[in-house]
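Reviewing the structure listed below.
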2 protein chains.
Amino acid sequence: MSSASPSTVSLVTTPTPRPKRATVHDVAVEAGVSRGTVSRYVNGERYVSASAREAIEAAILKVGYVPNTAARNLVMQRSQAVGFIVHEPHSLFVEDPNIGEILLGANTALSEADYQMAVLIVDSERDTERVARYLSGGLVDGVIIVSARAYDPISRVVERLNLPAAYVGHPPGASTASFVTIDNRGSARAITERLAATGRRRIGMIAAALDRDSGADRLAGFTEALGDRFDERLVEPVALYSYSAGRDAMQALLERAPDVDGVFAASDAVAAGAMEALRAAGRRVPDDVGVVGFDDSAWAKRTLPGLSTVRQPAAGLGRQAALLVLGQLRGEAGAQEVQLESEVVWRDSA
Amino acid sequence: MSSASPSTVSLVTTPTPRPKRATVHDVAVEAGVSRGTVSRYVNGERYVSASAREAIEAAILKVGYVPNTAARNLVMQRSQAVGFIVHEPHSLFVEDPNIGEILLGANTALSEADYQMAVLIVDSERDTERVARYLSGGLVDGVIIVSARAYDPISRVVERLNLPAAYVGHPPGASTASFVTIDNRGSARAITERLAATGRRRIGMIAAALDRDSGADRLAGFTEALGDRFDERLVEPVALYSYSAGRDAMQALLERAPDVDGVFAASDAVAAGAMEALRAAGRRVPDDVGVVGFDDSAWAKRTLPGLSTVRQPAAGLGRQAALLVLGQLRGEAGAQEVQLESEVVWRDSA
C-alpha cells in the first residue's frame, strides 16, 4: 500500500505580506557551522557533535528559525507520524490495563523506526468526523486501530484514503487491511474446557462487547466448549469490558440462576467485578463458584484469590501492528494477518 | 501567546512530475453541488445537508480527492490539533486510572472546539528528541503536558517554540506557561491531620515521584501536618505512583518500623499495594494500621476496606488545561494558573 493519489504541490499565496522567515542559512551563519550540519540537526540525523548541537540550538533561538517540517512533509508526502486510534476510551483507558500495554508496545516499535505515534481518541460521533478529517489531512502516514466495532466508520475512511493500516483484532467490515490477532475463539474454548474439568455443572458466561470480534469470538468458543451442555439462559451479555458491568451482570445471573457454579468472564476486569458481586452475595470463590477471566492484565494479579485466565501478549500485539504499518510504509507487501500465541494461566479462582 | 515567527510560504518544486490532483471543483461537479458546499464539508463546518454530504462523499471517492489540509495548514499556520504529552507512560497508562480521566476531559473540551487531540508519549530519551521535532514541525498548534518532571527537556522545547501550552501540575523550571493544579500540599496536610485524629501515634508515608511537583508537595504537606511528631525514618520514598512500588515500600517500612500504625500513601495505587503488603504481613486495616491514599481513582473503590483518600477532579484538570490552550490559540491573555478544588473523602481504611 502507498498513500492515496500522489499530488502536485501548488503555489499558495497569502493575503498579506509577512516578515521574511529565517532560513537554514541564517542559522548556519549564526552558529558558525555548515548548512549541511544544520540540516542534519533539523532532520534529526546522527553525526552532529554536542558542541555543534549547542551552537545550532542557540542560533535557532536567536534568529527565530522554525524548521519547516510542514512544507517538507508536503513535498515528501509524509509526516513521519503514525496514528493510534482508540475507540471506547473510557472503558479502555480507565478500566483496561491492556490498552496501555498495546499502546506502549506500538510506541516502542515506532520509536525505534523514528516514527512519532499520535494517539487519537474516538469518544463521540463528533470525534469520528474530526479524526476522519485529520487522517485525510496528511498529518499521519499510517494508522493502527484498536477496539474497532464492526463496520466502523473510521475503517471506511482509512480504506478510502488507502492509508497504510493495521488493526489489533479483526472487526467485520474491515477486510482489506492487515490484522494482528490472537485466537480468541480457541482460547475461550480452552479455558472453558478447563473450568468444566474442575467438575462444574452449571457454567455461565458474562459475555462483553459482542459488536467486536474479540467479544463475539469469546462467546463462540465458550458455546463450542460446552456443546450439548450449553444453556443460553446462563449467558449474560454486557456492553463493555468493565468492572462495573461484570459486577452488575453477576448479580443478574445469580438472581436468574442461583445454582450457577462456574463463570467465564469475557475479560479480567469483568471477572473482578463478578468476584465482587459473588462476595457480596456470600458465595465463596472458588469453593462455591469457579471464576475465570481473559487477558491476564494487572487485574488478574490483584483479585483474591488470583484469577485463572488467558494470557494475551498485549505489548506484542501493539508492537506487531506497528511493524505491519512500517512494512507497508517501506512499500512491502499488502494486507497480512498475524496471529500471536495466547495461553491459559491457571491460578486459584477456579 | 501566539505561534513562533510568522512565515511566508515558499514555492517548492518536486523532482518528478506527478499526475494532476483532483480539486474541489472536480468534486463539486461530480456531486452536483457548489464549490462552497464542498469547501464547507471539507472544512468541517455546519450547514451541509445530509443529502449534500452523501453526494460529496461519493464524489470524493470517485474522483480520488484528498483534502489538502497540509497545504492549507501551511498557509493558515495551524494544524487544528493540540498535543497531549504523557511522561511515565507505563506507570500512568497501566497503573493509574487518573491519566485516562485527565485525557478524556481534555479530549472533550478540545473536541467541542473542533480541535483534534494527539497524545504523544515520552518513554525514552529517543522519544524526547522525536517529540521535540514533531512539535517543531507545525503538526500541533498547542500542547497540554502532564506529569512533567522538574526541568523537563520537553518544557524547554515548548518554551523555545513559544507554543501555546498548559501544564497539569506545576513542575519547577517551566515558569512561563499556564498551569492547572490542585492544592497538593494543603490536601496532603488535611488528610494526614485527619489520620492523626484517629489516634495513630506512628504515622509513616510512602512518598512517590519526588521529582514531580505533585510528589514533592504531598510530602511537604505530610511533614507540615505532623510538625514535631514528624520522623523521617517513617518516610519510604519510591520512584513511581504504582501498586508494586507501594507493596514493596510497605514491606520495607514494616521491617524498619514494625510499630507503624498509620500510613499516608502518595496515591491510591500506592495505597492498594501497601494494603496488600499489610494483609500479607497479617496486619488488619484499619484495626492495626490506618491507610489513606490520594486521587480517589477507581483504585479507591476497589480496595477492601474502601480507601479514605483525597478526591482530585481528574477530568476537570484535563478540561481546564484544554481551555487554557484554546484561550491562548484565540489570542487571549498569556500565562495563567488555575487551581481546582480537592476534598478529603473518608471511607473505612482509616
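The values are calculated or read from the model by the stated rules, or taken from the named source; none is laboratory data. Everything numeric in this text was worked out from a predicted model, so none of it was measured. Here the Cβ is made from the backbone with ideal geometry for all residues, glycine too, and neighbour counts use every protein chain on show.
For segment A:260-274, filtering for residues that are part of a strand (DSSP E or B) and surrounded by fewer than 24 Cβ atoms within 10 Å (Cβ to Cβ) leaves 1.
May I ask you to list the residues in segment B:128-157 that are among the hydroxyl-bearing types (Ser, Thr, Tyr) and more than 10 Å from chain A (Cβ to nearest Cβ)? Those that are among the hydroxyl-bearing types (Ser, Thr, Tyr) and more than 10 Å from chain A (Cβ to nearest Cβ): B:Thr128, B:Ser147, B:Tyr151, B:Ser155. May I ask you to verify whether B:Pro172 is in the same structural domain as B:Ile85 (by TED's automatic domain parsing), under 30 Å from B:Arg133 (Cα atoms) and surrounded by fewer than 24 Cβ atoms within 10 Å (Cβ to Cβ)? So B:Pro172 passes the test.
One line per residue, one yes/no per condition, for (1) more than 7 Å from chain A (Cβ to nearest Cβ); (2) crowded, with 20+ Cβ neighbours inside 10 Å; (3) within 25 Å of A:Asp114 (Cβ to Cβ):
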residue: B:Glu95; (1), (2), (3): yes, yes, no
residue: B:Ile102; (1), (2), (3): yes, yes, no
residue: B:Gln116; (1), (2), (3): no, yes, yes
residue: B:Val122; (1), (2), (3): yes, yes, yes
residue: B:Arg126; (1), (2), (3): no, no, yes
residue: B:Ala166; (1), (2), (3): yes, yes, no
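For segment B:194-236, filtering for residues that are outside any helix (DSSP H, G or I) and either hydroxyl-bearing (Ser, Thr, Tyr) or under 23 Å from the mean Cα position of the chain (by Cα) (or both) leaves 8.
Restricted to segment A:104-114, and to residues there that are of a type in the set (S, T, N, Q) and touching a residue at least 60 places away in the same chain (Cβ under 8 Å), the residue that is nearest to the other protein chains (Cβ to nearest Cβ) is A:Asn107.
In segment B:249-294, the qualifying residues are those that are within 14 Å of chain A (Cβ to nearest Cβ) and of a type outside the set (A, V, I, L, M, F, W, C), and the one that is farthest from B:Gly215 (Cα to Cα) is B:Arg279.
Mind checking whether some residue in segment B:267-277 is under 11 Å from B:Val289 (Cβ atoms) and of a type in the set (Gly, Ala, Ser)? Yes, segment B:267-277 contains at least one residue that is under 11 Å from B:Val289 (Cβ atoms) and of a type in the set (Gly, Ala, Ser). Residue pairs whose Cβ atoms lie under 6 Å apart, sitting 6 or more positions apart in sequence or on different chains, and linking a residue in segment A:278-296 that is assigned by TED's automatic domain parsing to the domain that holds A:Arg218 to a partner that is surrounded by 22 or more Cβ atoms within 10 Å (Cβ to Cβ) and of a type in the set (Asp, Glu), are A:Gly293/A:Asp268; A:Asp295/A:Asp268. Against the test of being under 18 Å from the mean Cα position of the chain (by Cα) and crowded, with 17+ Cβ neighbours inside 10 Å, the options B:Ala314, B:Ala277 yield a single qualifying residue, B:Ala314.
Of all the residues in segment A:334-345, those that are loosely packed, with under 15 Cβ neighbours inside 10 Å and either outside any strand (DSSP E or B) or hydrophobic (A, V, I, L, M, F, W, C) (or both) number 3. Among the conditions (1) assigned to a strand (DSSP E or B); (2) surrounded by fewer than 24 Cβ atoms within 10 Å (Cβ to Cβ), B:Arg319 misses just one, which is (1).
Hey, does segment B:109-122 have a residue that's of a type in the set (S, T, N, Q) and closer than 29 Å to B:Ser242 by Cα? Within segment B:109-122, none of the residues are of a type in the set (S, T, N, Q) and closer than 29 Å to B:Ser242 by Cα. Scanning segment A:115-131 for residues that are in a helix (DSSP H, G or I) and without any contact (Cβ under 8 Å) to a residue 40 or more places away in the chain yields a count of 6. Would you call A:Ile182 under 22 Å from A:Ala265 (Cβ atoms), surrounded by 22 or more Cβ atoms within 10 Å (Cβ to Cβ), in contact with a Pro (Cβ under 8 Å, 6 or more places away or on another chain) and more than 13 Å from every other protein chain (Cβ to nearest Cβ)? Yes; evaluated as a whole, the condition is true for this residue.
Scanning segment B:278-299 for residues that are part of a helix (DSSP H, G or I) and at pLDDT 95 or above yields a single hit, B:Leu278.
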